[in-house]
Amino acid sequence: MDKMHLKLTVNGEQVETLAEPRELLIHVLRERLNITGPHIGCETSHCGACTVDMDGKSVKSCTIFAAQAAGADITTIEGLGNPDSLHVLQEMFKEHHGLQCGFCTPGMITRAHRLLQENSDPTEKEVRFGMAGNLCRCTGYQNIIKAILAAAAEMNAAKEAAQ
Amino acid sequence: MIPAAFEYHRPDTVEGAVKIISDLGDEARVVAGGHSLIPMMKLRLTGLSHLVDLQGIGGLKGISVNGDTITIGAMVTQHELITSKDLASAAPIMSEAALQIADPQVRYMGTIGGNVANGDPGNDMPGLMQCLNASYTLVGPAGERTVSAREFYEAAYFTEREDDEILTSISFAATSGGFAYEKQKRKIGDYATAAAAVLITKDGGKCSAASIALTNLADTPIYCEAAVAALVGSNLSADDVGAAVKAAVDASDPSEDNRGPVEFKKHAAGVVIRCAIERAIERA
């Protein structure tokens, strides 16, 4: 099958690549664009390790063809923070031991980022419901929830201080 | 988990999409959110060589409430159903049900059109559409036609839709009175072990109108006529509710699978139907 010429915006940069229509978004991100933050966990749309932000929606990139994402604006964990300048969510995951093996963390944080964009001051119940599409095999859920609530509080305090 | 090769199409009109699927026949399938079709393609359980993505068709998006009539474009996502203020007032049962489908990421992609057109007995919207007495608009090479949701489902994955037709929109009347969508599932993301959609309207202490439908309790969604008859005109006493629950369970025809044996599913059906009726009465 002929390859398609795909144009995407990934973490603010316009990128172009050739890919077969049957290539999943997660494969194109990881193998063609070398963006390896989003992970392949179950590859059956259950675990959420491959979560990326696509046009303002949290999506499982193992269940989307890259062709469907043509023209979309994608944000991965690499677009949220970096080792020299961590995102508040990354800081809070570190602070509250929100990760153990760390495999689910990029998906957790990318999903939590969208959740807090939509609901900047969620209750614990809302965080649990909003994070229901992400699994942690280390079962470190309590601290993941704590980290997200702490990040929300931190982001709101920063917003208030800026006003 | 790499699907077989296919050619990708993204038409920008319904007519364009219909032309592709009618020209290519069995080899082509349309994709909406893809969260039922893509897993099947990854498992190579479905053979297609042309994938027709409907996302570029503007006319399939949007929710409109026009007087008493609600029309929802096929490409409206579960997430959009949940966050629509218009729907929250015109038919609040929609968001109550959509919130119980899959998980947040799947709800951003999964569409109402895909959910109702797929014909999977596990999908929640078909049962809800029986309850709402919705109608579906189908567009094919010969033009447009409307089919009642209650006439649409023939067997698991077999529907009234022809292979060269696309389901473009869903419409139903705004609801009043009490409502509930109750679903028993093993875990987040699972299909229902049993689920029930209920609408109840009261007038002076008596039930003046009701609708009851079931999800994943047979090959097709079930509209429970006898259960409705047990409630309409009654005082909604415990006995009346009991009679309706029994009639609805009797209308179910579940089969044994990894969610449990038939007897257990009928038991679960009785529990969710009762919860849904009671919650709808409380809200009526």
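With respect to (1) outside the structural domain of B:Glu165 (by TED's automatic domain parsing); (2) open to solvent by 20 Å² or more (accessible area, probe 1.4 Å), the lone exception for B:Val31 is condition (2). Just one residue in the set B:Ala194, B:Ala209 is of a type in the set (A, V, I, L, M, F, W, C), in a strand (DSSP E or B), at pLDDT 95 or above and surrounded by fewer than 24 Cβ atoms within 10 Å (Cβ to Cβ); that residue is B:Ala209. Taken as a whole, the structure leaves A:Leu80 outside the set of residues that are modelled with pLDDT of 95 or more and closer than 28 Å to B:Phe6 by Cα.
B:Ala32 meets the stated requirement of being more than 8 Å from every other protein chain (Cβ to nearest Cβ), touching a residue at least 24 places away in the same chain (Cβ under 8 Å), under 20 Å from the mean Cα position of the chain (by Cα) and closer than 30 Å to B:Asp219 by Cβ. Identify, please: which residue in the stretch B:107-126 is open to solvent by 10 Å² or more (accessible area, probe 1.4 Å) and in a helix (DSSP H, G or I) and is, among those, farthest from the other protein chains (Cβ to nearest Cβ)? This residue is B:Ala117.
Of all the listed residues (B:Asp23, B:Asp12, B:Asp53), the sole one being within 14 Å of chain A (Cβ to nearest Cβ) and surrounded by fewer than 19 Cβ atoms within 10 Å (Cβ to Cβ) is B:Asp12.
Screening the stretch A:57-162 for helices (runs of 4 or more DSSP H) wholly inside it with 3 or more residues that are more than 13 Å from the chain's Cα centre (by Cα) and farther than 17 Å from A:Ser45 by Cα returns the ranges A:88-95, A:124-130, A:141-162. Evaluating B:Pro104 against the criteria (1) in contact with a His (Cβ under 8 Å, 6 or more places away or on another chain); (2) away from chain A (no Cβ under 13 Å) leaves one unmet condition, (2). Would you confirm, using the coordinates I've provided, whether B:Glu144 is in a helix (DSSP H, G or I), at pLDDT 95 or above, out of contact with any helix residue (DSSP H, G or I) (no Cβ under 6 Å at 6 or more places or on another chain) and open to solvent by 40 Å² or more (accessible area, probe 1.4 Å)? Judged against the criteria, B:Glu144 is not a match.
Residues that are under 13 Å from A:Phe93 (Cβ atoms) and either charged (D, E, K, R) or open to solvent by 90 Å² or more (accessible area, probe 1.4 Å) (or both) within the stretch A:119-141 are absent altogether.
The values are calculated or read from the model by the stated rules, or taken from the named source; none is laboratory data. Note that the structure is predicted; figures quoted are calculated from it, not measured. A quick note on method: Cβ atoms are made from the backbone with ideal geometry, for glycine too, and the neighbour counts reach across all protein chains shown. With ligands, DNA and RNA removed, areas are computed over all heavy atoms of the protein, side chains included. Shrake-Rupley method; radii C 1.70, N 1.55, O 1.52, S 1.80 Å.
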